[in-house]
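J.: First, the structure itself, so that you have it in front of you.
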Amino acid sequence: MDPLWMLETPSPPADARIPYGKNPYQFGDLRLPQGPGPHPVVVMVHGGFWRAKYDLEHVGHLCADLTRRGFATWSLEFRRVGHEGGGWPGTFEDVAEGVDFLRTLAASQPLDLSRAVFMGHSAGGHLALWLAARRRLPPEAPLYRPTPFIPRGVVGLAGVVNLEQALALRLSQGIVEEFLGGTPAQVPERYQLGSPSALVPLGVRQILLHGTEDDTVPVSLSIEYHARAAAVGDDVRLVTLPGAGHFELINPLAPEWRQVVEALGSLL
């Protein structure tokens, strides 16, 4: 089977597509397991280097697989680079609003918010870790919220976990500079407030999975982040996947997928 089939095949429909804001891109796809619940929740943040041309459709396959395994999934869409208001700060504001909306969802849906995990792939891995770090933001920061929803843990799949490093490596034709609206010399506060590596310790359990042969987001980003987070006391584990590239981690038919499911289970 084509290892990138998820990117080209329509995903199973969600149970509901629910807006969390007024913008057309501010919505999430909710999938619920069978049974009365309440169910553990995986908040999924898709990748695509924060670009408008990549949406949440391709992660619908993994969300459907997780839902069959007993996890409710809340897959977030958000404004991206190329959309009006995307990038800094709109992308961050959207995903934050999307996860905080879980409290509203739980009033009508069988969700166990005490067993919620954030998971993201690639640029979504950056956002998932950043979401878990929001209580580290100072009150004067533009993205600060007094009561952010904090998960039990976070799973980063080939995450872009260090924005300065990603910029230095010119990942995706230098997208980080466009995403944040400048370089670290020009907008240093954005790199300090928007990069998970600058916000450690996050204070929640983290599991990072990364393929050793990833030529889209090098495994060195996760290795260096893991060392930095562990050094300041975070409960963080790194799982390197020998021979795996970038997309095996979101392919529910790939052998590596079992380790992703195990990581989620260990956090819950």
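J.: Restricting to segment 240-268, and then to whatever is in a loop (DSSP other than H, G, I, E, B) and under 19 Å from ALA166 (Cβ atoms), can you tell me which residue is farthest from the chain's Cα centre (by Cα)?
T.: Among those that are in a loop (DSSP other than H, G, I, E, B) and under 19 Å from ALA166 (Cβ atoms), it is GLY245.
J.: Another question, if that's okay. Please specify each residue of segment 29-67 satisfying the condition of being under 22 Å from SER172 (Cα atoms), touching a residue at least 40 places away in the same chain (Cβ under 8 Å) and either surrounded by fewer than 18 Cβ atoms within 10 Å (Cβ to Cβ) or among the polar types (S, T, N, Q) (or both). Steps first, please.
T.: Within segment 29-67, the first condition is being under 22 Å from SER172 (Cα atoms), and the residues that meet it are 44-59.
In the following step, the residues that additionally are touching a residue at least 40 places away in the same chain (Cβ under 8 Å) were identified as 44-51, 57-59.
The one that is under 22 Å from SER172 (Cα atoms), touching a residue at least 40 places away in the same chain (Cβ under 8 Å) and either surrounded by fewer than 18 Cβ atoms within 10 Å (Cβ to Cβ) or among the polar types (S, T, N, Q) (or both): GLU57.
J.: Within segment 1-52, can you find the residues that are under 22 Å from GLY70 (Cβ atoms), in a loop (DSSP other than H, G, I, E, B) and either modelled with pLDDT of 95 or more or not hydroxyl-bearing (Ser, Thr, Tyr) (or both)? Walk me through it before giving the result.
T.: Restricting attention to segment 1-52, the residues satisfying the condition of being under 22 Å from GLY70 (Cβ atoms) are 6, 11-18, 28-46.
Applying the additional criterion that residues be in a loop (DSSP other than H, G, I, E, B) yields 11-15, 32-38, 46.
If the condition is that a residue be under 22 Å from GLY70 (Cβ atoms), in a loop (DSSP other than H, G, I, E, B) and either modelled with pLDDT of 95 or more or not hydroxyl-bearing (Ser, Thr, Tyr) (or both), then PRO12, PRO13, ALA14, ASP15, LEU32, PRO33, GLN34, GLY35, PRO36, GLY37, PRO38, HIS46 are the ones that fit.
J.: Conditions first: (1) surrounded by fewer than 24 Cβ atoms within 10 Å (Cβ to Cβ); (2) closer than 30 Å to PHE49 by Cβ; (3) of a type outside the set (D, E, K, R). SER108 passes all but one, so which condition is the exception?
T.: (2)
J.: Against the definition (surrounded by fewer than 22 Cβ atoms within 10 Å (Cβ to Cβ) and either free of Cβ contacts under 8 Å to residues at least 12 places away in the same chain or over 19 Å from the mean Cα position of the chain (by Cα) (or both)), how does GLY86 come out, yes or no?
T.: The answer is no for GLY86.
J.: Answer yes or no: is there a residue in segment 130-153 that is modelled with pLDDT of 95 or more, assigned to a strand (DSSP E or B) and not β-branched (Val, Ile, Thr).
T.: Yes, segment 130-153 contains at least one residue that is modelled with pLDDT of 95 or more, assigned to a strand (DSSP E or B) and not β-branched (Val, Ile, Thr).
J.: If you take the residues in segment 56-71 that are in contact with a strand residue (DSSP E or B) (Cβ under 6 Å, 6 or more places away or on another chain) and of a type in the set (A, V, I, L, M, F, W, C), which one is nearest to ILE18 (Cα to Cα)?
T.: Residues of segment 56-71 in contact with a strand residue (DSSP E or B) (Cβ under 6 Å, 6 or more places away or on another chain): 56, 59, 63, 66-67, 71.
Checking the rest, the ones that are also of a type in the set (A, V, I, L, M, F, W, C) come to 56, 59, 63, 66, 71.
Numbers: LEU56: 14, VAL59: 17, CYS63: 16, LEU66: 19, PHE71: 18 Å.
Result: LEU56.
J.: Name the residue that is farthest from VAL160 (Cα to Cα), counting only residues in segment 198-239 that are assigned to a helix (DSSP H, G or I) and aliphatic (A, V, I, L, M). I'd like the intermediate steps shown before the answer.
T.: Within segment 198-239, the subset assigned to a helix (DSSP H, G or I) is 198-199, 220-231.
From what's left, aliphatic (A, V, I, L, M): 198-199, 221, 223, 227, 229-231.
Working: ALA198: 13, LEU199: 14, LEU221: 7, ILE223: 11, ALA227: 15, ALA229: 15, ALA230: 17, ALA231: 19 Å.
Filtering segment 198-239 for residues that are assigned to a helix (DSSP H, G or I) and aliphatic (A, V, I, L, M), the one farthest from VAL160 (Cα to Cα) comes out as ALA231.
The values are calculated or read from the model by the stated rules, or taken from the named source; none is laboratory data. Because the structure is a prediction, the values reported are computed rather than measured. Neighbour counts run over all protein chains shown; Cβ positions are idealised from the backbone, glycine included.
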